[in-house]
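One structure below.
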Amino acid sequence: MEIQKQSKQQQEFALASMTELASSSSSSSFCSDSQSVPVTARFSADNGVVELRFNRESESADSISVDVKTARLFKLGALQSVCITKVSGADTGKEKYSTGVTVQFRNKEESTAFHCAFEQWKKEVTVQGMLLTDGAVTACKSKFDDKIEPSSAKMYFHYYGQLLHQQNMLQDYVRTGTYYAAVIENRADFFGRVVVDVGAGSGILSFFAAQAGAKHVYAVEASEMAEYARKLIAGNPSLGEKITVIKGKVEEVELPEKADILISEPMGTLLVNERMLESYVIARDRFLVPNGKMFPTVGRIHMAPFSDEYLFVEIANKALFWQQQGYYGVDLTPLHASAFGGYFSQPVVDAFDPRLLVAPAISHVLDFTEIKEEDLYEIDIPLKFIASVGTRVHGLACWPAFYMFFIPCIYWLHVGTVLICSTVQRWLTTAPGAPTTHWYQLRCVLSQPLYVVAGQEITGQLRMVAHNAQSYTVYLTLSAKMWGPGAEQGGILQTSSCKLDLKEPYYRMSQPQTYAMAQDQQPHQPIHAQDIHIQADDLKEPELIQPPPQNLDAQVQ
């Protein structure tokens, strides 16, 4: 669009024309010979000094330089602005404004983008350091920098700055297709609205918003993918003229106007991994108008206990290596217990057969319109299930879901006393049994399984604590309570706990596997096939999985 080229140290804009104002020490007349000459405006940084240089295309040697640190930019009209620089008076020591440049833009979008870039580069001067009383310089950290360690942030933005990883997400047609349908089917909500795409990546959601008739879209992206997004925009000018890419973190950037709608895809493994939900909430507080809309509006973490003997044995067998007593003359057994615990500290990411679930699923709801950033630092979820079958419980299965609609609707028609809402509800689920997505599902595996029978209550807690590597430490406890007559007076029979690092999962397989009956399961107690009921209504609890029929022996045949 407006940006012809940009690197890490410079950013260049094409302008319609510019006029140099006369110096304050001479006459105030305009230099008329430059009024209609096309020029470029280039921001650059060198040794901490940010400079704005205006170059006439026909006379490359004739340029005007402005120190962004001491400059100010004012709008004279929709397509015209003036940039003036500030200097100190030689005799009085007071600040004065020297001569400057009037700039003519080709359209309103380019004017808006230039003003936004000016503020960003001016802010970069401040971000690079603050002058202290003793002359020392200290770094100025943003909220993101305060809570995320630099090495993690560097790896994170490097990962998402590569096209191959963006392609992996774009080729997740469940993800991309659901977003496209949700935006286009709700075009009445987007039409004529200002949209901010939080963590825009390649800019695909910005394109969807533009297709739905958005007035303008600000695509905020902190990684080098912002450069690719600009190339994609330049190659799609009919839509790109409505999109402005803002390179930077949502915690730091400034936008020229507030947003009517936020759109984002902030979901990580177990919904919260990578801690982008916090940035989504921060963007809400910084950029969204009062009663503005968020897309998505609600996230859910669904959970259910599972039984998977093959997975348990697979993980436990990994530590057998450390049981060798004669490994080139070295006894490895002192490390076996640590290795065993290490393997069970990895959450398992894969797509599993929903028949492995042994109880109806429950869910924990996160309302992005209400939740505070601090609420995401530590998440406690009480667990309570009723076992559908008798089996051995190996852990807790989890999968997230997003709900793509606005609450309440922002468009409606008055027909008498009836309100007809235009919003179409869409949901994006990663449930087992549903079409597989690049998120798959996640399972927390206990090193000490629990034995349960049908009808027995399983209780516990899932606690997630954020850490500065952009992820969470997960604490899981499951307990099997007494059952049958007198259970009300009974206590806990058995308890098992585990601690996992969501940052270091075990990526196991891409497709669900159909398992034969485990050896320790009796023919009259198979794991019954479960039907996962997924609803679009996020305000109601999902339907519980139906218990198995009584004639289980007939199903085994």
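At a glance:
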{"quantity": "Where region 355-394 is the region considered: accessible area per residue in Å², 1.4 Å probe", "calculated": "39"}
{"quantity": "Region 202-210 - phi-based ³J(HN,Hα) in whole Hz, Karplus 6.51/-1.76/1.60, Gly and Pro as x", "calculated": "6, x, 5, 5, 5, 5, 4, 5, 5"}
{"quantity": "Sulfur and carbon atoms: percent of accessible area, region 134-238 [1.4 Å]", "calculated": "60"}
{"quantity": "Fully extended contour minus Cα-Cα distance, from MET482 to THR333, at 0.36 nm per residue", "calculated": "49.9 nm"}
{"quantity": "Mean Cβ count within 10 Å, highest first, over the residues of peptides 221-230, 198-207", "calculated": "198-207, 221-230"}
{"quantity": "Extension gain, TYR310 back to TYR173 (0.36 nm per residue minus Cα-Cα distance, nm)", "calculated": "46.3 nm"}
{"quantity": "Heavy atoms of TYR160: accessible area, 1.4 Å probe, square angstrom to 10", "calculated": "40"}
{"quantity": "PHE74-ALA234 FRET efficiency (beta carbon distance; Förster radius 41 Å; 0.05 resolution)", "calculated": "0.90"}
{"quantity": "Where labels lie 7 Å past Cα in the beta-carbon direction, separation of GLN461 and MET155 in nm", "calculated": "2.9"}
{"quantity": "Additional length obtainable on full extension of the chain from TYR377 to TYR475, 0.36 nm per residue less Cα span", "calculated": "33.9 nm"}
{"quantity": "Reciprocal mean inverse distance between Cα atoms of region 266-368 - Kirkwood radius, Å", "calculated": "17.7"}
{"quantity": "Residue-normalised accessible area of region 142-264, given per residue in Å² at a 1.4 Å probe", "calculated": "40"}
{"quantity": "Derived scalar couplings ³J(HN,Hα) [region 438-452; Karplus, 6.51 cos²θ - 1.76 cosθ + 1.60; whole Hz; x for Gly, Pro]", "calculated": "6, 7, 6, 10, 10, 10, 9, 9, 7, 6, 10, x, 10, 9, 9"}
{"quantity": "Estimated distance in nm for a label pair at LYS143 and SER65, the labels positioned 7 Å out from Cα along Cα-to-Cβ", "calculated": "3.8"}
{"quantity": "Environment charge at PRO435 (Cβ cut-off 11 Å; Lys +1, Arg +1, Asp -1, Glu -1)", "calculated": "0"}
{"quantity": "Cross-link pairs LYS143/LYS247; LYS108/LYS293; LYS147/LYS293; LYS123/LYS249; LYS247/LYS503 - those with Cα-Cα distance over 21 Å", "calculated": "LYS108/LYS293; LYS147/LYS293; LYS247/LYS503"}
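The values are calculated or read from the model by the stated rules, or taken from the named source; none is laboratory data. Note that the coordinates shown come from a computational prediction; the quantities given were computed from them, not determined experimentally. All Cβ positions, glycine included, derive from the backbone under ideal geometry; neighbour counts span all protein chains shown. Protein only, heavy atoms only, side chains kept; ligands, DNA and RNA dropped before computing areas. Shrake-Rupley method; radii C 1.70, N 1.55, O 1.52, S 1.80 Å.
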